[in-house]
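The values are calculated or read from the model by the stated rules, or taken from the named source; none is laboratory data. Every value quoted in this text rests on a predicted model; they were computed, and no experiment measured them. Quick reminder, even Gly has a Cβ in these numbers, built from the backbone with ideal geometry, and neighbours come from all protein chains shown. Ligands, DNA and RNA are stripped out before the accessible areas are found, and what is left, the full protein with its side chains, is counted by its heavy atoms. Shrake-Rupley method; radii C 1.70, N 1.55, O 1.52, S 1.80 Å.
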Amino acid sequence: MTEAVIELRDVSLTLGTGASSVHVLKGVSLDVAAGEATGIVGPSGSGKSTLLMVLAGLERVDGGTVKIAGELLNGRSEDQIAAFRGRNIGIVFQSFHLIPNMTALENVAVPLELAGKRDAFAIAERELAAVGLADRVTHYPGELSGGEQQRVAIARALAPEPAILIADEPTGNLDQATGRQIADLLFAKAAERAMTLVLVTHDPALAARCDRQVAMRSGRIETATVAPLAEKVRA
């Protein structure tokens with residue numbers, strides 16, 4: 001049996017305080033196997049993106065345990081979690097989150113420099129070439145199309161060679177054709193590097209490409225089903 005690289009046990013999380021507090025996650029338990037592609041689906045406000053932030057160590061839980069890549073995140077300091085995330089988790093956001101006054105090359109090099117990599121720019125250049133942007137390394141985000149910006153974001157996420165790739169609505173800001181290209185790239189890179197892929201999406205076609213779909217509603221996991229056509233859809 002494949003070892004779980006993500007293990008959540010009875011995770012609860014409330015955001016806000018007092019009358020404005022919202023119980024976002026309610027006793028969520030989830031295992032994700034190493035190398036598995038998992039799609040998180042559900043209506044807006046169901047807790048999908050918050051669940052991803054918990055997996056990335058960007059939100060601290062109120063109860064339950066969060067174990068990622070064999071390490072328990074509960075009780076760790078912000079610096080410890082940031083260092084762990086830098087080594088193990090790549091994140092792709094819907095709105096790209098590129099630094100506007102940095103070139104594509106510099107954006108990709110940032111996490112590598114923070115990790116103390118001496119060859120940060122050489123690695124960044126290689127990763128940009130791997131996502132089809134070898135000729136755009138000196139361009140700024142404002143000079144790139146939405147699809148190109150998302151490719152930069154993917155290159156940045158992949159550069160530290162993480163075990164886990166997390167994507168929050170990665171095609172949400174793109175037209176259908178460009179979104180399909182970005183989805184193809186994400187699945188291809190995850191498979192090529194044997195990474196675990198966890199993505200949130202409202203797109204049924206994108207979710208169907210995953211090995212498994214996890215449906216959320218009102219802060220709870222309703223169902224977790226294997227997608228029998230996943231391999232056919234990916235091919």
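Could you identify the single residue in R151, R212, R156 that is touching a helix residue (DSSP H, G or I) at 6+ places or on another chain (Cβ under 9 Å), of a type outside the set (A, V, I, L, M, F, W, C) and free of Cβ contacts under 8 Å to residues at least 40 places away in the same chain?
On the way: R212 fails: free of Cβ contacts under 8 Å to residues at least 40 places away in the same chain; R156 fails: free of Cβ contacts under 8 Å to residues at least 40 places away in the same chain.
Every option except R151 fails the conditions.
Select, from S29, S21, the only residue that is at pLDDT 95 or above and surrounded by fewer than 18 Cβ atoms within 10 Å (Cβ to Cβ).
S29
Inspection of the range 176-183 identifies at least one residue that is under 27 Å from N88 (Cβ atoms), under 14 Å from the mean Cα position of the chain (by Cα) and hydrophobic (A, V, I, L, M, F, W, C). Contact map, the range 122-133: residues that are touching a residue at least 60 places away in the same chain (Cβ under 8 Å) paired with residues that are in a loop (DSSP other than H, G, I, E, B), Cβ distance under 6 Å, separation 6+ or inter-chain. No pairs are found.
Within the range 176-209, being charged (D, E, K, R) and without any contact (Cβ under 8 Å) to a residue 24 or more places away in the chain holds for R180, D184, E192. Taken over the range 56-114, the criterion of being open to solvent by 50 Å² or more (accessible area, probe 1.4 Å), closer than 25 Å to A130 by Cβ, in a loop (DSSP other than H, G, I, E, B) and not hydrophobic (A, V, I, L, M, F, W, C) is satisfied by Q94, S95, H97, P100, N101.
In the range 56-85, how many residues are of a type in the set (G, A, S) and closer than 17 Å to L30 by Cβ? Spell out how you get there, then give the answer.
Going residue by residue through the range 56-85, those that are of a type in the set (G, A, S) are 56-57, 63-64, 69-70, 75, 77, 82-83.
Now narrow it down to the ones that are closer than 17 Å to L30 by Cβ: 56-57, 63-64, 69-70.
The number of residues fulfilling the criteria is 6.
Only one of the numbered conditions (1) among the acidic types (D, E); (2) in a strand (DSSP E or B); (3) free of Cβ contacts under 8 Å to residues at least 24 places away in the same chain is not met by E7, and that is (3). Taking S46 as the residue in question, decide whether it is in a loop (DSSP other than H, G, I, E, B), surrounded by 14 or more Cβ atoms within 10 Å (Cβ to Cβ) and of a type in the set (S, T, N, Q). Against the criterion (in a loop (DSSP other than H, G, I, E, B), surrounded by 14 or more Cβ atoms within 10 Å (Cβ to Cβ) and of a type in the set (S, T, N, Q)), S46 qualifies.
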